[in-house]
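The structure appears right after this line, and notes come after that.
The values are calculated or read from the model by the stated rules, or taken from the named source; none is laboratory data. All of these numbers come straight from a predicted model, not from anything done at the bench. Cβ atoms come from the backbone with ideal geometry, glycine included; neighbour counts cover every protein chain shown. With ligands, DNA and RNA removed, areas are computed over all heavy atoms of the protein, side chains included. Shrake-Rupley method; radii C 1.70, N 1.55, O 1.52, S 1.80 Å.
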Amino acid sequence: MNKQTLLQFAASLIAGVIIGTGFSFLSHPAGQISPSFVILSAVIGSFLSFGVVSNVFFKPYRLLSKKMKGYSFLFLLLLAGALTAALKVPHFYLSDYGLLVTAAVYGAAFLFLLFLLLAIVRLTMMLPRPDKASAPSRWSVLLYSGLPVALSLLYLWAFFPGILMTDSINQWQQAHSTFFNDWHPVMMTWIILLTTKIWDNPAAFVILQLITAGLITGYVIYAFRKMGVNRWLITAGWLFLVFFPLNALYSVIIWKDTLFCYFLLLLTTALIQIIRSEGKWLKSYVHLFILYLAIAGMIFFRHNGWPVLLALFVIFPFFFRKNYLRMYAVFMAAAVTFLIVTGPVFSYFKVFPADKLESLAIPVQQIGGIIKDNGKMTAAQKHYFSHIFPLNRWEKTYDPTQVDPVKFSPEFNKSYIRQNLSGFAVNWFAIVRQNPAAATKAFFNMEQLVYKLNIPQNQMRPIFRYKAFKSFRPVYFLSAKTVKQYHIHYKTFYYSEYGTQYANTGLASIIERYNSFFLNGMARVLVLPALYLYLTLLLLFVIVLKGQWKLALAALPAVLNLGTIFAAIPAQDPRYLFSNYLIILPFFLLIPLIGGKSEKHA
């Protein structure tokens, strides 16, 4: 071992202790830092530091132009900064020790995360090369689907007849009436209705849902195996989709988000194959049907799926033209289907439209935050907002992390907003401009689940959801006036009427104990959606780094979906961002299929 290597080891050891300690103090509340975690962080920090000082982590950038190197390191610096802010504990106790100590901890943690990002990029560049072209049987889709379906059936046995939330109670009650309300996607309600014709039990829809999720999982793994991804990587990706703690649980919860996110996964996989084959994948009618199914699932299972499709119509033609006409034909077929269903079909069944005010969650929360903080408002503005909700009620009811307490309050006057939506917009914009700090604070309080990695449980809804009641009153998601006018009456839901006594409570307890492991300490970061957002961004960066930026556009539906959530998220509920946990896999499996720039010039 030469002198230079010894100096590198020594520098790495010192740097590792500094950055590891900084990382530990930034990410843990006072009194909750274990010495073992500090030591572990210091050891990891030393390895990361050695990769930097020895230049091992900089190998992927050597062939880049000076301009591209600048852009690459700027991206990594910004991402490391975002991660530093995301990991900071809510009440950073070291602030009391002065600016110098605070800056030192922030700086050390930032370097730890920057070095970690450099290490991940380097490791992804070393993923096993593709196997020789293989053509797995189409029946392997069923083979890959078998384990996720079997595991989900075990979860169904544990939580029989499935797990229902307020939303699904409403859809179940609609399915047993003649009144349909598009507050929650009616297409899903109609599918629930169809399953009741076979078996009038929530378990019937759950079985359909978990089989669909299993088949999509099987197809995704099959597709990447067919593209030649190394069998060990395929197995790792498959096991991740099967055993990630939220996937099987969400497959037995009746809500729109599970199927929507699996269809988004299917669409992402289809787009990767389309772009990678330069449109040749579209020559198969089976593939066209898969693409149509994925888009239809996206636009019918959540309301923000439709604007995502419209945005794809606008953006994709700038990048994909001649060989992609069949893709646009499928887009058009899905759009026509949507317009027919939401037009004449909705009219025929007299479907009550979704409440358009649902998209105003962020403005409502900013108004509440400004009033709560005694922000600057003119007498006319106070008068206007008091018509929507009494000012004292704004102060008492406002919750920084969710809009539901305000919007579901009987005193919240939605009709006043509907009568003059432009007036609401003008007054909202005015007080935001007058109170930029309070408005920004309210905005980021509502967005913390999107970007934070350190959120107290009392500031978000549970990550793992189980049966929360034995019975539930009728839920209408309609105004009292509408319910009375149309004589709408739903029955109370009782779990006992659908065989809940047959649930395996012992198995349910084992599942709940296993899941509880992910609710404590740094393990909790592993089940927060922001982690998978940051990792996906890093994988997309690697794809661009390898010179295949067009393949990164396969993430556009997921990015647009995230954008719609960012603009109108109503609460800190992980289910809204469930797609984050799924979408990471296609891009992880895609990277080893892409040759680096150096290979192209060889």
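Here each label is just a point 7 Å from Cα along the line to Cβ, and for GLU512 and ARG62 those points are 5.6 nm apart. The distance separating the Cα centre of the stretch 311-346 from that of the stretch 510-577 comes to 26 Å. The mean accessible area for residues of the stretch 298-433, using a 1.4 Å probe and ignoring ligands and nucleic acids, is 52 Å² per residue.
Accessible area per residue for the stretch 23-124, computed on protein heavy atoms with a 1.4 Å probe, is 52 Å².
Close amide H contacts of ILE253 (hydrogens built in the peptide plane, cut-off under 5 Å, sequence separation of 5 or more or a different chain): ILE163.
Could you please state how large a percent of the accessible area of the stretch 151-224 is carbon and sulfur, counting protein chains only and using a 1.4 Å probe?
Summing carbon and sulfur atoms, their accessible area is 75 percent of the total for the stretch 151-224.
Loop exposure criterion: GluC sites (Glu not before Pro), DSSP state outside H, G, I, E and B, at most 13 other Cβ atoms within 10 Å. Applied to the chain, the longest stretch between such sites is 1-277.
When the square roots of the Cα gyration tensor eigenvalues are ordered a ≥ b ≥ c, the ratio a/c for the stretch 424-523 is 1.5 or more and a/b does not exceed b/c, which makes its shape oblate. Working from label points 7 Å from Cα in the Cα-to-Cβ sense, the SER36 to SER359 distance is 5.1 nm.
Surface analysis of the stretch 500-602 yields an accessible area of 37 Å² per residue, using protein heavy atoms and a 1.4 Å probe.
So what is the diffusion coefficient of the chain in µm² per second by Stokes-Einstein at 37 °C and 0.692 mPa s, using a Kirkwood Rh over Cα pairs?
Values: Rh = 26.5 Å.
Using the Kirkwood radius from Cα pairs, D works out to 124 µm²/s.
Of the residues PHE73, ALA103, LEU154, the one whose Cα sits farthest towards the positive end of the charge dipole of the stretch 61-160 is PHE73 (charges of +1 on Lys and Arg Cβ, -1 on Asp and Glu Cβ, taken about the Cα centre).
First check a/c for the stretch 92-196, with a ≥ b ≥ c the square roots of the eigenvalues of its C-alpha gyration tensor; if it is under 1.5, answer rounded, and if not, answer prolate when a/b is larger than b/c or oblate otherwise. Spell out each step's value before the answer.
Numbers: a/c = 3.28, a/b = 1.45, b/c = 2.26.
Verdict is oblate for the stretch 92-196.
Loop-resident chymotrypsin sites (Phe, Trp or Tyr not before Pro) (DSSP state other than H, G, I, E or B) in the stretch 381-423 with no more than 13 further Cβ atoms inside 10 Å of their Cβ: PHE408.
In this Cβ point-charge picture (+1 for Lys and Arg, -1 for Asp and Glu), the chain has a dipole of about 1440 debye about its Cα centre. Between THR505 and PHE429, full extension at 0.36 nm per residue minus the direct alpha carbon distance yields a gain of 22.2 nm. Pairs from the list LYS382/LYS407; LYS197/LYS491; LYS382/LYS441; LYS256/LYS372; LYS256/LYS467 with a Cα-Cα gap above 26 Å: LYS256/LYS372.
Heavy atoms only, probe 1.4 Å: what % of the accessible area of the stretch 285-363 goes to carbon and sulfur, would you let me know?
Numbers: 3090 of 4080 Å².
With neighbouring chains kept in place, the figure for the stretch 285-363 is 76 percent.
Would you work out if the stretch 18-163 is rounded, prolate or oblate? Take a ≥ b ≥ c from the square roots of the eigenvalues of the alpha-carbon gyration tensor; rounded if a/c is under 1.5, else prolate when a/b is larger than b/c, oblate otherwise. Don't skip to the end; give the middle numbers.
Numbers: a/c = 2.69, a/b = 1.33, b/c = 2.02.
Oblate, because a/c is 1.5 or more while a/b does not exceed b/c.
What percent do you get for the relative contact order of the stretch 1-75 when only Cα pairs under 8 Å and 6+ apart count? If you can, show how the numbers build up before the last one.
Values: 58 pairs, mean separation 26.8, N = 75.
36 percent.
Straight-line reach from LYS550: taking Cα to Cα under 19 Å and skipping same-chain neighbours fewer than 8 places apart, the aspartates and glutamates in range are GLU278, GLU599.
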